[in-house]
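Here's the structure we're looking at; comments come further down.
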Amino acid sequence: MPADLTLTDLARGAAEPADDPQAAAGGLSLPATPTSPVARVKWLAAPSSAAWLEQATAHADLVLIDHAHCERKAAGVALQLMFRYPSDTQLAALLSPLAREELEHFELVLQLLQRRGIPLRPLAAPPYGATLTAAVRRGEPERMLDSFLVAGLIEARSHERMGLLAAHSPDGEFQDLYGALLASEARHFGLYWLLCEQRYGREVTVARLEQLAAVELEGLSGALARPEEVRMHSVGVECAGSGTH
Ligand SMILES: [Fe+2]
Ligand SMILES: [Fe+2]
């Protein structure tokens, strides 16, 4: 990411995150995902596992339905922040376009579901989001920092997994869909990062990100109980020193 990239650039989508969209994670030097086209995933404490990719490609329709819900939720998160901090003009100016973009992604996924005759049905969500939300501190200004970082972590994991699906899905339409979303998803976690850094400073932001990245990793640790429980954020991460979870 260019050093002079600004929040306005990110909000407009004017800046291309290039091949290192997570360079904004500053001093973090966390493991990369070797098989992902997105190198140096610095928000994330560990890459997703081959087991998750295998489950996700085996149940691609389920992941697509879940993906639609995820895009809608990402728009909802941005809107919730705008409602929680209603006088924050900068936040509104940045998150309103982000929410619109997430809804555009939702519509793209919805179109593919409709083309394939797959109904948009409700799916039980994995505990991932609730685990991260529970780690958000309640008092301000910590609540805002944690909320930005949690939103950024979810964007970063989504981006990483969409990158895996874009690269490894046997279905060309899935490759195209996920590949088309990568740049804007990278811009989203870049935007959350810059909001944190601008308001809280790099040192505080990196320290808290390390803690929340550990929570994120814990939320994805373990083995899937049943194949039909696979989701965009279901368990499946590489664990250093003990192989694949
Ligand atoms: Fe999205
Ligand atoms: Fe996003």
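Rounded if a/c is under 1.5, else prolate if a/b beats b/c, else oblate: with a ≥ b ≥ c from the C-alpha gyration tensor eigenvalues square-rooted, which is region 96-135?
Oblate shape, in that a/c is at least 1.5 and b/c is the bigger or equal ratio.
For region 44-142, the relative contact order works out to 29 percent when only alpha carbon pairs closer than 8 Å and six or more residues apart are counted. Whole-percent P(r), region 36-96, all Cα pairs, 5 Å bins from 0: 4, 14, 14, 13, 18, 16, 11, 8, 2, 0. With K and R counted +1 and D and E -1, the other residues having a Cβ less than 13 Å from that of Ala207 yield a net charge of -3.
Remark: region 132-224 projects, on average over all directions, an area of 6.8 nm² (convex hull of Cα atoms).
Neighbour counts of C-beta atoms inside 10 Å place Cys70, Cys239 in the sequence Cys239, Cys70, starting with the fewest.
Basic side chains Lys and Arg get +1 at the Cβ, acidic Asp and Glu get -1 at the Cβ, and with that the dipole of region 53-161 about its Cα centre reaches some 260 debye. Exposure proxy for Lys73, Lys42: other Cβ atoms within 10 Å of each Cβ, ordered fewest to most, give Lys73, Lys42. Shown for Met162, Met144: other C-beta atoms within 10 Å of each C-beta, ranked fewest to most, produce the order Met144, Met162.
Take the eigenvalues of the Cα gyration tensor for region 170-245, scale each by 5, and report the square roots as semi-axes in whole Å, largest first.
Ellipsoid half-lengths, sorted descending, are 28, 22, 10 Å.
Does region 68-130 come out rounded, prolate or oblate, given a ≥ b ≥ c as the square roots of the eigenvalues of its C-alpha gyration tensor, rounded meaning a/c under 1.5 and, failing that, prolate meaning a/b above b/c? In terms of gyration-tensor shape, oblate.
Evaluating kT/(6 pi eta Rh) at 25 °C and 0.890 mPa s, with the Kirkwood radius of region 92-165 over Cα pairs in the Stokes-Einstein relation, gives 167 µm² s⁻¹. Taking trypsin sites (Lys or Arg not before Pro) across region 136-232, the ones in a DSSP loop with at most 12 further Cβ atoms lying within 10 angstrom of their Cβ are Arg138.
Think of region 122-245 as having a plus end and a minus end, set by charges on the Cβ of Lys, Arg, Asp and Glu; of Ala125, His168, Tyr178, Ala125 sits farthest toward the positive end of this dipole.
Read the figures in this text as sums done on the coordinates, not as results from a lab. Remember, predicted model here, so these are calculated numbers, not experimental data. Quick reminder, even Gly has a Cβ in these numbers, built from the backbone with ideal geometry, and neighbours come from all protein chains shown.
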